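The structure appears right after this line, and notes come after that.
Please treat every number below as a calculation from the coordinates, not as lab data. Model, not experiment: these values are computed from the prediction. Glycine gets a Cβ as well: all are built from the backbone with ideal geometry, and neighbour counts include every protein chain shown.
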Amino acid sequence: MTFRSALLLLLLAGCSGGDVLDRAMGRDVSAIRAEIATYPDEQKAAFAAVEERCAKCHSPWKPFAAHVPKGTWSYVVRTMQRKPGAAIPDDDAARIAAFFEYYAERRP
C-alpha cells in the first residue's frame with residue numbers, strides 16, 4: 001500500500017464516524033467556534049474559506065474529527081479539491097490546509 005493510499009484510508013476512517021466530533025464537542029460546535037475566535041485574523045479568514053468551500057461537499061465540521069497526521073493537510077485538501085463540484089481555488093486550498101495545520105498544532 002502506498003503512502004497516499006494509506007493516508008486516504010486514514011482520512012476516510014477518521015471522517016466516517018461523526019461521533020468522534022460529537023463526543024469531543026458534545027454535539028455542539030460552539031467550542032470550536034469559541035477557540036477559532038481567539039485565532040489571529042488571518043486564521044479566522046481561512047476558517048471562513050473552510051466554511052464556504054468545504055460545506056459544498058460535506059459538513060465543514062467533518063475535517064475537525066479527521067485523524068490527519070501533521071504536515072499532510074495540503075495533500076488532503078488537494079485531494080478534496082479534485083472532487084467534482086468542489087470548486088476550491090488554489091489560493092483557498094492553501095489557506096484551508098494552513099488553517100488545519102494551525103488548528104492541529106493547538107489541539108492536545
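At full extension, ALA48 and ILE32 could sit 4.4 nm farther apart than now, given 0.36 nm per residue minus the alpha carbon distance. Protection proxy ranking for 83-89, 59-65, using the average of other Cβ atoms within 10 Å per residue and placing the highest first: 59-65, 83-89. Of the trypsin sites (Lys or Arg not before Pro) found in the stretch 29-80, those that fall in a DSSP loop while having at most 14 other beta-carbon atoms within 10 Å are LYS56, LYS70.
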